[in-house]
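In what follows, a structure is listed as structure tokens, so that the remarks can point back to it.
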Amino acid sequence: MLEINFTNEQLKVLKKSDEETNPNDLIALFNKPALKSEELVQILKASNALYRTGISVVTDQQYDLYISMLKDINHLHPYLNKVESEVLAEAKTVPLPKKMLSTDKAYSFDEIKKWVKRIIKAAEEIGISESDINIRVTPKLDGYAAYDDGTILYTRGDGYRGQDVTRAFDKGLQVAQNGQRGLGPGEIVIKKSYFDAVLSEKFENSRNIQAAIIAEKKVDKSIQKAIDDGACVFYPFQLIENKTAHYSEILTHFDSIVEKMWKAVDFYIDGVILETTNEELKEHMGATRHHHRWQIAFKVNEESAEVKVVKIVPQTSRTGRIAPVAELEPTKLSGATISRVTVHHYNMVKTRGIGPGAIVQLVRSGLVIPKIEKVIKKSSADISYIPEVCPSCETHLLWESDHLICPNKTDCPAQTENTLVHFFKTLGNNDGFGPKVIEKLHEFGMKRIHDIYEGQKHKFVGFGFGEKTAQNLVDQLKASQEIEIEDWRFLAAFGVSRLAGGNCEKLLQHHSLVGLFDVSVDDMIKIDGFAKQSAEAIVEGLNNVRDEFFKVYELGFNFTVTPKESNKSNNGSQIAGKLVVFSGAMTQGSRGDMEKQAKLLGAKVGKSVSGKTDFLVTGEKVGENKIKAARDKGVKVISEEEYLLLING
């Protein structure tokens, strides 16, 4: 909770950015102890608008804390997948020459290693050798993101449309390092030494100056002098100090490289940027709506405190995991009072003695999300504070690796909305029921899958959908029942623990969709790939969703039945039992259709080539590197035409 009051200047910005904004309502939200998702979004939008104009109402750390709160409530919220808008209230937007997205963030070396593993996996998928994977590390400038195409200087805007602020160059802004114009993305920044020595007494922070440089109005004389003195510049990312080396060297010397980059420039920075340098790899990895997958920002922890744990409270997440929340003696850390922190999982609680009376070292990860770094003194209490039943629905909990899981996917109040989102996303054969629609239906009491399928047009209209949208929802539900769908996909859509698509398909190779609900643990462990612990969890999970499953199943769907193992072994197919990978654009149908056909012929279908792959089937536009890498692993590479002759011969 923050005590917030707006200045007249801040009120003007808020009104320009959103005429419907009521400042009194916003003040009430900032001062409210518990916030809903849409209330958090209102705070984030207002905070972002003020930040972009250099008159922040919250610190960067407080803003990121609001982001983490929104993620905790709904990690699928559309706001989290948008680029944080850099839009000036008084200017019109224009298309950017190239997308400018936000940067994904990491707050630990382990997160960086996981990111590098994703880079390596992506390289393997397109046949790029590990020896050719280089990483470029640069300072992460804390400035105003912009794009210079040589003629126009654009703000980043929403990542797709920005605003023309070429007037900044007209005011005398120079390119850093005596660079030329037209070098693409970069940041408008001011030298740290200059700001501290000349401007810090007049301006609260450098953001005020960056915003003034691109504004339409004439700049303050002291800012114009900073521009004339070359202290304010546009710094293209191409020209910035960097360390580029093989990924193994970057990981081996990570701490020293970060330290060097932190001191490499005389500008304010808030982390370092890591990105792969291979253009083919960048294209393959692509981007989300929010960030490029081939790039990540690393931020550093700075402050910590020793804190006493008062108690551990279990909370059921939307995915069914039971999150242990440690309630702490209130402690001031990085400008915020911390009284609660989520522990990673209950195995950590149990093995590290994090319970009532424990003394823990608390840090704010990246100065944002508080977390327990280590245990100074273990709890002397017994482990009775580890729950046996779900705090939301009282279902018996299961251990899954380090986590306690509530297997009651369809009736647990904490999980029902996520269950609905998961069902329609996994089903994948209709376009009407995305997270936003599900959220609205859930608010109106539709908690079960069959409730939605039994919904009629007038009911959807009553929930606030327009006539046309309501009819479309009814049509999409009907389509999802009529369009052919694999039985294993339908089963996977119910979200049973340890029963994702692959395991569903394995089980349905031995049992019917309906008959699977009567399979015992002993029968299940006879199937290759199912250990006793997994089988017990699946059987219990199926039992929990049984009623809802059959209510939905009996509505009628058009299933493609998974071929049984016995049929597959006798079908005489040349690819039965073989591991096949399809790559490139196919001419005889979509890649998905060909994968489905291969499975019907008894093949196993992979997504990437490994030493266990038997055939790589190549369509159009498959890189030579990928083909060579497959052959080096002993994989037989055949064209689409050769593949069709193989299966039809």
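The values are calculated or read from the model by the stated rules, or taken from the named source; none is laboratory data. From a predicted model like this one, the values you see are computed outputs, not experimental measurements. Neighbour counts are summed over all protein chains in view; Cβ atoms, including those assigned to glycine, are modelled from backbone coordinates with ideal geometry.
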Mind counting the residues in the range 60-112 that are at pLDDT 75 or above, part of a loop (DSSP other than H, G, I, E, B) and of a type outside the set (Phe, Trp, Tyr)? 9
Among the hydroxyl-bearing types (Ser, Thr, Tyr) and surrounded by fewer than 20 Cβ atoms within 10 Å (Cβ to Cβ): is that true of Ser379 in this structure? no
Using the structure shown, decide if Gly230 is touching a residue at least 40 places away in the same chain (Cβ under 8 Å), over 21 Å from Asn48 (Cβ atoms) and either outside the structural domain of Glu275 (by TED's automatic domain parsing) or within 36 Å of the chain's Cα centre (by Cα) (or both). no
Say whether the condition of being of a type in the set (Lys, Arg) and under 25 Å from Glu484 (Cα atoms) is met by at least one residue in the range 602-625. yes
Under 27 Å from the mean Cα position of the chain (by Cα), surrounded by 15 or more Cβ atoms within 10 Å (Cβ to Cβ), assigned by TED's automatic domain parsing to the domain that holds Lys374 and among the charged types (D, E, K, R): is that true of Arg321 in this structure? yes
Considering residues that are closer than 30 Å to Thr419 by Cβ and either at pLDDT 90 or above or not in a strand (DSSP E or B) (or both), the number found within the range 327-372 is 11
Let me confirm something: among Ile190, Ile240, which residue is crowded, with 21+ Cβ neighbours inside 10 Å, touching a residue at least 24 places away in the same chain (Cβ under 8 Å), touching a Ser or Thr at 6+ places or on another chain (Cβ under 7 Å) and over 22 Å from Gly157 (Cα atoms)? Ile240
Among the residues of the range 624-649, how many are in contact with a Gly (Cβ under 6 Å, 6 or more places away or on another chain) and not charged (D, E, K, R)? 2
Breaking point among (1) assigned to a loop (DSSP other than H, G, I, E, B); (2) hydrophobic (A, V, I, L, M, F, W, C); (3) in contact with a strand residue (DSSP E or B) (Cβ under 6 Å, 6 or more places away or on another chain), for Ile128: (3)
Check Glu467, Glu486, Glu454, Glu443 and return the single one that is in contact with a strand residue (DSSP E or B) (Cβ under 9 Å, 6 or more places away or on another chain) and in the same structural domain as Val539 (by TED's automatic domain parsing). Glu486
Checking Ser497 against (1) at pLDDT 85 or above; (2) closer than 20 Å to Asn408 by Cβ; (3) within 30 Å of the chain's Cα centre (by Cα), which single condition isn't satisfied? (1)
Taking the conditions exactly as written (over 30 Å from the mean Cα position of the chain (by Cα), not in a loop (DSSP other than H, G, I, E, B) and not aromatic (Phe, Trp, Tyr)), does Lys628 satisfy them or not? yes
Is it true that some residue in the range 195-211 is of a type in the set (A, V, I, L, M), modelled with pLDDT of 85 or more, in the same structural domain as Met100 (by TED's automatic domain parsing) and not in a helix (DSSP H, G or I)? no
